[in-house]
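The values are calculated or read from the model by the stated rules, or taken from the named source; none is laboratory data. Please read these numbers as outputs of a predicted model, since none were measured by experiment. Cβ atoms come from the backbone with ideal geometry, glycine included; neighbour counts cover every protein chain shown.
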Amino acid sequence: MVAVRDLVPLKEAAELVGVTPTTLRRWARTGVIPEHTGDETEWEPPAVAHARIVARLRERGHTLDQIRRAGEEGRLAYGFIEELFSPDGMPQVPLKEAARDVGLEPALVERIWSSVGFAPRRPESVSEDDIQALRYIAAVLDAGFPLVAFIQLIRVYGQALAQIADAETRLFHIYVHEPLMRQGVPGLQMAEEMEHLASDLLPLASPLMDYLHQRFLREFVERDVVGHMEGELGESIDLGRVRVAIAFADLAGYTRFTEEVGEEEALDLVEAFIDAVTDTLPDDARVVKTIGDAVMVVGQDPVALTDWAVGFQRLWTERPTPRIGVHQGVALYRDGDYFGRDVNLAARVVARARGGEVLVTDSITEAMEGDAHLRFEGIGQVKLKGFDEPRQLCRATVGE
């Protein structure tokens, strides 16, 4: 059974949807909004949520017949789920007034909104939930956390959580919504089943993410302390830059492989490749990002990262084979990512490698001087795209 919900008067429902009450009544009478089963003067919140979807689809040119069929097939069965979140109809406060109440400049609030990635980028008004978030932000800044660092941090939060929300929505659709549609479950029943599952899972998301955040934060704080202790004494590096070991790895001939086996099988291989990279990295290294079949890894220890690269080539037995480039240098840290000349150099090194090879720069061979368990075979001075001066590269293999 669906839980009893507070009903919304017709006029208020129409305002929330952005149409006239007459239009809303007509949609209900013609079966466009299957969640609405009661009196036309009072609307269930799931029906209002469905009506908002209908309004958006109408704006995009879909006919009512198309929308009705989609609803009957369960393709729009998200009305009940949407009620689990804070309602769009929460009272709005002008942004300038909200900023003044929390002690922030309106221009700063707009900058924060834009950095997070919310839409619209320049809101005219905000809800009480938004104001509470602004209070948290004001408290962080009042505590003395530098604004330049906070803007970067909030941008990383926004990007990471947007990716999480996107994954949650897409995976729910693929593994819950889509199977229900294929089973021919009626639209209204489907919406109720999806709501029951979502209402069980959603309360678990925040504590689980909080646990993961705390666990990773402790790990990275420890890495940072060790990195400071083991860094080169007396080395002067500009603020915002860090010395790191950088590796790029990708699958040689992946485009041709995709043409041979098809996109789904090729994607399965990429996922297995990324999982294998992540699972085998040394403790102080992590995957910073993936782009298609390419993986960028950053660590503190160039010896450990090079060891990993050579070992990974022996571990990976699938086709196509990886190629890996490793370099050590100084990178600009910004928004959770690494930028700069040395990062670009590492990316160019891997582009010169062949499948099954690990190519390293002279910065790596210098760091590993006296380490006999790996062998470095010079391939000469190599001109890398985008760099004026050639660079000495070596092929790293297991020592004899």
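Brief remarks on what is shown
- Pairs, first at positive phi in region 17-29, second part of a helix (DSSP H, G or I), C-beta under 7 Å, six or more apart: Gly18/Ala55
- Cβ separations smaller than 9 Å between residues 6+ apart or across chains give no pair from region 259-271 residues that are more than 11 Å from Arg319 (Cα to Cα) and outside the structural domain of Gly292 (by TED's automatic domain parsing) to residues that are of a type outside the set (Phe, Trp, Tyr) and part of a helix (DSSP H, G or I).
- Among the residues making up region 167-205, a single one is among the acidic types (Asp, Glu), free of Cβ contacts under 8 Å to residues at least 12 places away in the same chain and under 28 Å from Gly31 (Cβ atoms): Glu178.
- Some residue of region 148-155 being farther than 21 Å from His213 by Cβ, out of contact with any helix residue (DSSP H, G or I) (no Cβ under 7 Å at 6 or more places or on another chain) and modelled with pLDDT under 90: yes
- Flag if Phe145 is in the same structural domain as Leu202 (by TED's automatic domain parsing), more than 27 Å from Leu202 (Cα to Cα) and not basic (Lys, Arg): yes
- Helices (runs of 4 or more DSSP H) fully within region 1-69 counting 2 or more residues that are touching a Gly at 6+ places or on another chain (Cβ under 8 Å): 10-17, 45-59
- Residues within region 333-361 that are within 30 Å of Phe150 (Cβ to Cβ) and part of a helix (DSSP H, G or I), tallied: 6
- Of the residues examined, Ala99 is one that is at pLDDT 85 or above, surrounded by 15 or more Cβ atoms within 10 Å (Cβ to Cβ) and in a helix (DSSP H, G or I).
- Among residues that are closer than 20 Å to Asp283 by Cα, of a type in the set (A, V, I, L, M) and in a strand (DSSP E or B), Ile364 is not included.
- Test: Leu197 is surrounded by fewer than 12 Cβ atoms within 10 Å (Cβ to Cβ), over 30 Å from Val109 (Cα atoms) and modelled with pLDDT under 85: no
- Filter result for Asp388 (modelled with pLDDT under 85, within 36 Å of the chain's Cα centre (by Cα) and either in a loop (DSSP other than H, G, I, E, B) or under 21 Å from Gly253 (Cβ atoms) (or both)): yes
- When restricted to residues that are under 25 Å from the mean Cα position of the chain (by Cα), in a loop (DSSP other than H, G, I, E, B) and closer than 16 Å to Arg243 by Cα, region 275-328 contains 3.
- For Val298, the requirement of being farther than 26 Å from Phe216 by Cα and either touching a Phe, Trp or Tyr at 6+ places or on another chain (Cβ under 7 Å) or crowded, with 21+ Cβ neighbours inside 10 Å (or both) is not met.
- Scope region 89-142; condition touching a helix residue (DSSP H, G or I) at 6+ places or on another chain (Cβ under 6 Å), among the β-branched types (Val, Ile, Thr) and closer than 30 Å to Val48 by Cα; matching residues: Val116, Val126, Ile131
- Whichever residue in region 367-379 is of a type in the set (A, V, I, L, M) and in a strand (DSSP E or B) and, among such residues, is surrounded by the most Cβ atoms within 10 Å (Cβ to Cβ): Leu374
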